[in-house]
Every structure is written in C-alpha cells, then in structure tokens.
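Peer 1: One structure, as structure tokens, below. Some questions next.
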Amino acid sequence: AMLDPDRGLSLTIARVVQRLQGSSLHSQLERQARVSLHKPEIKLESLKEDIKDFLKTSGWEKKLQNAVYSELNVFPWLCHPAAPPEHIKEPLAYMRKAQGSWEKRILKSLNSMCTELSIPLAQKRPVSEQKELLNKWNEMGTDEPDLSLFRPVYAPKDFLEVLMNLRNPNYENGEQPSFRNHLGLIQVPLNVKDISELKEDFSELGLNIGQLGIDDSAQVPPEFFENDHVRVGQKVLAEQDSAAAQQYVRQGCPTALRADLWALILNISNQPEDILYYEQLKSNVIQHDLLVDSLIYKDVKLTASNDDYYFVFEDYLYQVLLCFSRDTSVLEHFTYSSATPPKSYIQGKLGMEEYAVFYPPNGVIPFHGFSMYVAPLCFLYHEPSKLYQIFREMYVRFFFRLHSISSHPS
C-alpha cells in the first residue's frame with residue numbers, strides 16, 4: 001500500500017531527524033552553535049536567525065544538507081507503517097525463502113570447514129602473535145601460512161546457479177518451450193524499465209549533452225568540453241555539495257577529481273573520529289583471530305595477488321578486509337537488505353539465544369573474489385582509513401546487492 005505523499009514526507013523527515021540525532025554531526029552542530037554565542041554579530045533579540053545565518057555562512061548548513069542527502073540515498077523508501085519488518089527487507093515471499101535457504105547453505109559450508117579443520121570461529125591471539133602482527137601490519141603479504149586446507153565458502157558461480165533456478169510460484173512455468181524460457185539464464189519475471197523510462201533515467205547520455213571520454217575525443221577540440229567540464233568540477237568540489245557532485249559525474253568524471261568527487265558523493269570526510277574508529281577496528285584485528293581471516297587471506301592470494309594490476313595493493317586489501325569483518329556498524333544495512341546476518345553460538349551453548357553472536361561481527365561472510373570489491377578503490381585512496389571508509393560506504397549502499405537474492409530494482 002502506498003502512503004499519501006504528505007504523510008510519507010513527514011515520516012521521512014521524522015526518520016532522517018531521528019537518524020541524525022545520534023550522529024557526531026549533531027554534536028558538532030551543537031558545539032558550533034554554542035561557540036557562536038560569543039560572536040559580536042549574534043544578537044540576543046534575533047538569536048535564532050543569527051545562529052542560523054552563522055551556520056550557513058560557516059559551511060555547517062552544507063554539511064547538514066549532505067548528511068540528509070546521504071540518509072535519503074541509503075535508506076529504503078518508506079513502506080506503509082503497518083508493513084511487517086520482513087517486507088521492508090524483501091516484499092516477495094519466494095525471494096525471502098530462497099535467500100533464507102542460500103544463507104543456510106553458506107553457514108553449513110562454513111561450519112563443516114570448522115569441524116573438519118577443528119578450528120574455532122574466533123579465538124584470542126597469544127601476545128607474541130599480537131606483537132608480530134602489529135610489526136608486519138603494513139606487509140602482511142610476506143607471510144606464507146599454509147592455507148591449502150581452507151576453501152572458499154562459495155564462489156560467484158554457485159550464486160549464479162541459485163539465481164538461475166529461482167522460479168516465481170505464482171507464474172505459469174510450463175515446461176513447453178516458449179520464447180519466455182529462452183530469454184536468458186534468469187527465469188524470474190522482474191519489472192524492467194522500458195525504453196522511454198531508460199531515456200529519462202539516462203538523459204545525460206543523450207546525443208545533445210556532452211560526455212567526458214566521448215566529447216573530448218579526436219574530432220572535438222578538447223578546450224570546448226573538457227576544460228569547461230573540469231572547471232565546473234572544481235567549482236562543485238569547492239562548494240562541497242553532495243547532490244551537485246552526484247549530478248555532475250553523470251556527464252563523466254575527470255580522472256584528477258575522481259577521488260575527491262566520489263568521497264563528496266558518499267559524504268566521507270575522514271574526520272579525526274573516523275580515523276580513531278579505524279584504529280579501534282585495527283586493534284581488534286590484532287587481538288582476535290577469526291576463521292574468516294584465513295578466508296580473506298586465501299581470497300587475496302587467489303585473486304588480487306595474481307593480478308597484474310592489483311598485486312601491488314595486497315597489503316591494503318588485508319588491512320581493509322580484516323577491519324571490515326570486525327565492523328559492527330555494517331550490521332545496520334541488514335535492516336534494508338534481503339539478507340540476515342548469520343549467528344553463531346558461544347561454545348557449549350548451541351541453540352540458546354542469549355549466547356548467540358553475529359559471526360563474523362559485521363555479518364558478512366566473504367566469498368571467493370570478495371577482495372575484488374576493494375581492489376579498484378586502491379587506485380584512488382592511499383590512506384588506509386579513508387580507503388576503508390569509502391569501501392564500507394560503497395558496500396552498505398551498493399555492493400551488498402550484488403550477492404543477495406532480492407527483487408530490488410538495482
């Protein structure tokens with residue numbers, strides 16, 4: 001059921017406000033407002049307006065706009081308030097069921113490997129090992145542990161197979177050959193945009209609009225489009241406006257500005273508290289040894305380390321992925337993902353809910369090729385905590401959809 005637009009808008013506003021109230025931006029804004037009270041241009045009789053003006057001119061209003069824009073981009077469109085929570089995750093029952101059995105299969109694969117190798121899911125590292133890991137944090141790739149017994153929990157082709165076997169039970173799936181079951185590998189009838197909707201969605205690709213990478217080619221003198229486009233890009237960056245940046249890159253992104261524009265679109269600024277958070281994740285990696293660490297290590301060795309382009313980033317990949325596996329803030333995306341984080345029980349307490357923990361702590365079991373989500377970002381960001389934040393944001397906005405069964409349009 002659709003909400004009426006006004007009600008939907010007020011619910012959206014309420015939710016965005018609620019989400020921002022717990023954020024560091026909220027406390028920063030409060031602090032700035034307090035500081036501004038000592039400024040001569042702030043008058044008691046027009047206090048509220050003066051503080052608003054101050055926040056506008058000092059750039060804080062822009063930061064708030066970007067945060068709101070980010071919320072609207074990440075969180076799903078509002079369902080009807082009466083909709084059960086599983087509908088927010090995935091409205092189609094047969095998709096929910098398929099995702100559930102796929103998760104069981106992954107967990108079974110992980111648990112049987114644990115049992116076979118008699119390795120615990122998690123354990124504290126001995127102090128000597130902690131020191132060693134800390135010392136070689138920036139060159140973990142030189143380590144060559146024997147991982148021959150570890151195997152990936154699943155590979156993309158296993159997931160593809162599941163998708164190929166998906167069927168909508170409310171749909172006539174006759175065995176008679178018809179054009180329908182010869183359209184492709186995926187047999188699920190999904191609502192796909194028609195040509196006119198695509199034209200509207202990708203209007204910037206129209207022939208009458210310039211595109212970087214096309215309109216700066218040999219036939220067109222570069223100063224016509226490219227120089228102008230780069231100038232506009234620099235202006236967008238100077239303005240620090242997320243929404244403007246997202247619109248701008250629809251006509252192509254100049255290589256030199258890409259890292260900064262992407263960070264602006266994702267609203268990542270690498271503040272001191274973000275760097276501190278990354279350091280906390282790192283210390284968790286140093287202290288605890290997880291079974292998934294070996295899966296990550298093996299995955300990087302099997303993929304990026306053998307790649308002409310990515311082998312140089314091997315150490316970055318370990319750092320980012322090991323920290324990512326421990327980041328409990330990632331769990332939040334399961335409120336709008338069709339997937340559910342896997343649970344594990346503390347030893348000897350099997351089946352007792354109060355002893356259940358999410359495993360791994362971020363709820364995401366890496367598969368064969370997972371490290372390739374991070375690899376291309378290494379070309380753009382050379383500072384580990386920034387690279388980490390960009391990847392995490394890309395994951396909770398986009399990448400998780402690539403390996404969950406869902407009817408979501410993207």
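The values are calculated or read from the model by the stated rules, or taken from the named source; none is laboratory data. Keep in mind that this is a model prediction, so the values were computed, not measured. We place every Cβ from the backbone using ideal geometry, glycine too, and count neighbours over all the protein chains shown. Side chains are part of the model used for accessible areas, which takes the heavy atoms of the whole protein and leaves out ligands, DNA and RNA. Shrake-Rupley method; radii C 1.70, N 1.55, O 1.52, S 1.80 Å.
Peer 1: Kindly check whether there is at least one residue in region 346-359 that is at pLDDT below 95 and crowded, with 21+ Cβ neighbours inside 10 Å.
Peer 2: yes
Peer 1: May I pose another question? Filter region 287-329 down to the residues that are buried (at least 21 other Cβ atoms within 10 Å of the Cβ) and among the β-branched types (V, I, T) and list them by number.
Peer 2: Correct list: V292, I296, V300, V320.
Peer 1: Here are some residues: E71, E103. Which one is at pLDDT 80 or above and in contact with a Lys or Arg (Cβ under 9 Å, 6 or more places away or on another chain)?
Peer 2: Exactly one residue qualifies, and that residue is E71.
Peer 1: Out of the residues in region 194-211 meeting the condition of being assigned to a loop (DSSP other than H, G, I, E, B) and at pLDDT 90 or above, tell me which one is surrounded by the most Cβ atoms within 10 Å (Cβ to Cβ).
Peer 2: F202
Peer 1: Taking the criterion of being on the phi > 0 side of the Ramachandran plot, outside any helix (DSSP H, G or I) and of a type outside the set (F, W, Y), would at least one residue in region 321-337 satisfy it?
Peer 2: Scanning region 321-337 turns up no residue that is on the phi > 0 side of the Ramachandran plot, outside any helix (DSSP H, G or I) and of a type outside the set (F, W, Y).
Peer 1: Can you pull out every residue in region 157-192 that is at pLDDT below 90, assigned to a loop (DSSP other than H, G, I, E, B) and open to solvent by less than 100 Å² (accessible area, probe 1.4 Å)?
Peer 2: N168, P169, Y171, N173, G174, S178, G184, I186, Q187, V188, P189, L190
Peer 1: Counting residues that are more than 20 Å from the chain's Cα centre (by Cα) and touching a residue at least 60 places away in the same chain (Cβ under 8 Å), which helices (runs of 4 or more DSSP H) fully inside region 212-316 reach at least 3?
Peer 2: Result: 272-287, 291-302.
Peer 1: Here's another thing I want to ask about it. Report yes if some residue within region 269-290 is more than 30 Å from F358 (Cα to Cα), at pLDDT 90 or above and among the hydrophobic types (A, V, I, L, M, F, W, C); otherwise report no. Break it down stepwise before answering.
Peer 2: Narrowing region 269-290 to residues more than 30 Å from F358 (Cα to Cα): none.
Checked region 269-290: no residue is more than 30 Å from F358 (Cα to Cα), at pLDDT 90 or above and among the hydrophobic types (A, V, I, L, M, F, W, C).
Peer 1: Can A14 be described as in a helix (DSSP H, G or I), out of contact with any Leu (no Cβ under 8 Å at 6 or more places or on another chain) and of a type in the set (A, V, I, L, M)? Give the derivation first.
Peer 2: On the way: in a helix (DSSP H, G or I): yes; out of contact with any Leu (no Cβ under 8 Å at 6 or more places or on another chain): yes; of a type in the set (A, V, I, L, M): yes.
Judged against the criteria, A14 is a match.
Peer 1: Name the pairs: first residue in region 378-398 and at pLDDT 95 or above, second residue among the basic types (K, R), Cβ to Cβ under 8 Å, at least 6 apart or on different chains?
Peer 2: L380/R258
Peer 1: A further question follows. With E30, E45 as the choices, which residue is modelled with pLDDT under 80 and not in a loop (DSSP other than H, G, I, E, B)?
Peer 2: Checking each option against the conditions leaves just E45.
Peer 1: Moving on to the next point. What are the pairs with Cβ atoms under 8 angstrom where one residue, in region 198-210, is farther than 14 Å from Q247 by Cβ and the other, located anywhere, is loosely packed, with under 11 Cβ neighbours inside 10 Å and modelled with pLDDT of 85 or more? Sequence gap at least six, or different chains.
Peer 2: K199/G206
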